[in-house]
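Asker: Here you go, one structure.
The values are calculated or read from the model by the stated rules, or taken from the named source; none is laboratory data. Everything numeric in this text was worked out from a predicted model, so none of it was measured. Because the Cβ atoms are built from the backbone with ideal geometry, glycine has one as well, and the counts that use them run over all protein chains shown.
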Amino acid sequence: MVALDSSGHGSAGTLHNVSRVESGVCGGALIFDRPGNYASIPYRSTNHPENGISVSTWFFVDSFGRQDLISTCHNGGYCLGFGDGNDLWWTVHVPGEGAVSVNVQHEGINPWRWHHVAGVYDGKSSKIYLDGVLRNQVNASGPVVYESPNYVMLGAHAGSYNTPDPVCPNYLYGGLDEVRIYDRAIPYSQIMDDRFRCPQVSSAPPENIRLANPFETSCNDPSGQLALGPGESVLRTLEFDHAEMTGTWDVRMQPGSTLVVNAYDQYSQVNPDAWYVEIRDETGRIDRSIAFANTNNAPVDGVIASGNATVTLSYFDGTGRFPATVSVRFTAIAPPPPPPLPPEPFLNPIIVIYSASWATLIALILVILWLHQLRVKRREMRAAEKAAETKKD
């Protein structure tokens, strides 16, 4: 099944197990009512712009768990969906800053009601509007960066190509109507035009829609296991449901390696949180620190003699809006090579000479000269004795 594109840009989408109803806000709407349903729109330069981007849509959800409305986010791109604190986030990736996110708190969103949302990035700031009202904005600069020419996903988190992210698909349980993607930053007047384009007969979705039980277990587990090779680095995103939660990672590496752990708070511009990080082995604690938001924190590191380490992470302080996420990079640095064996001094006398001090070297030369002169005198004495014996005969 295909969702038509009325913009003329050729961005029609393919529906995957998505239902359609005619009683949306502006006529036909897409209903995402079961796991694994989404719509995909092929890559176009118009839906992957760099200098500015705007998206807008009508949506409804049954609850506020982690789920995406519109996404090209895969180590880059832009996305609109529910995340930290169960809030609605507009995210763009720009050089130097990474993911720049701005939110509408979920307390201002009514479940099972149609709302209009728009996200705008103009190369100077990022803004999010709900029902025609500017709710939040942050400063940001630079072009939007993308890792790959992937498909735009509706109702799921984007993957590297034409399917949702296989690890964290973040499927939507709700509905979308009048999805619009602009290859520029649109003015407020355009947002208002989109908001009031269609006569809204009812703010509630059709009563006969039944959604499946949403939200599979979080794919961003706070605990796990890793096996790192020499020089290998792995990035993990951890999600914490409350402040008392602790994440534990068992990390294996070559004995004698140095383990380096860096923690980066997600959504730090709006919801800055600090995180406690600790490294231990079987002998006890090796290193610990606090990773503060919006700060170039020193890593937690240490030599792991046995090759088996335990990394503990927990929420330390901040806004206290949960679930909260932190990105953690684990890096194993190979142990240094063993020092070379010292040379045998008598097998290499030149090494002994060059390693000696000048005073020792001069003394050694004088001894050698004295011994040489002594040998010469002995030879002369022996020669004289032989000559004397010859004369007697």
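Asker: Determine which member of the set S141, S125 is under 15 Å from N103 (Cβ atoms), assigned by TED's automatic domain parsing to the domain that holds F59 and of a type in the set (S, T, Y).
Answerer: S125 is the lone residue from the list that is under 15 Å from N103 (Cβ atoms), assigned by TED's automatic domain parsing to the domain that holds F59 and of a type in the set (S, T, Y).
Asker: Let me ask something else about it. Right, A309: at pLDDT 95 or above, closer than 30 Å to W112 by Cβ and of a type in the set (G, A, S) or not?
Answerer: no
Asker: Here are some conditions: (1) closer than 27 Å to P111 by Cβ; (2) not in a strand (DSSP E or B). Q254 meets all but one. Which one does it not meet?
Answerer: For Q254, the failing item is (1).
Conditions tested, residue by residue: (1) among the hydrophobic types (A, V, I, L, M, F, W, C); (2) assigned by TED's automatic domain parsing to the domain that holds L238; (3) under 30 Å from L88 (Cβ atoms); (4) at pLDDT 95 or above.
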site	(1), (2), (3), (4)
W275	yes, yes, yes, yes
E278	no, yes, no, yes
T283	no, yes, no, yes
R288	no, yes, no, yes
V300	yes, yes, no, yes
V303	yes, yes, no, yes
L313	yes, yes, yes, yes
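Asker: For the list (1) part of a loop (DSSP other than H, G, I, E, B); (2) under 19 Å from the mean Cα position of the chain (by Cα); (3) not basic (K, R), I need the number of the one condition that V260 fails.
Answerer: Evaluating V260 over (1) part of a loop (DSSP other than H, G, I, E, B); (2) under 19 Å from the mean Cα position of the chain (by Cα); (3) not basic (K, R) leaves (1) as the failure.
Asker: Are there strands (runs of 3 or more DSSP E) fully within region 110-205 with at least 3 residues that are among the hydrophobic types (A, V, I, L, M, F, W, C)? List them.
Answerer: Result: 115-121, 133-139, 152-154, 174-182.
Asker: Let me ask something else about it. Could you grab me the full set of residues in region 1-51 that are at pLDDT 95 or above, surrounded by 14 or more Cβ atoms within 10 Å (Cβ to Cβ) and small (G, A, S)?
Answerer: A39, S40
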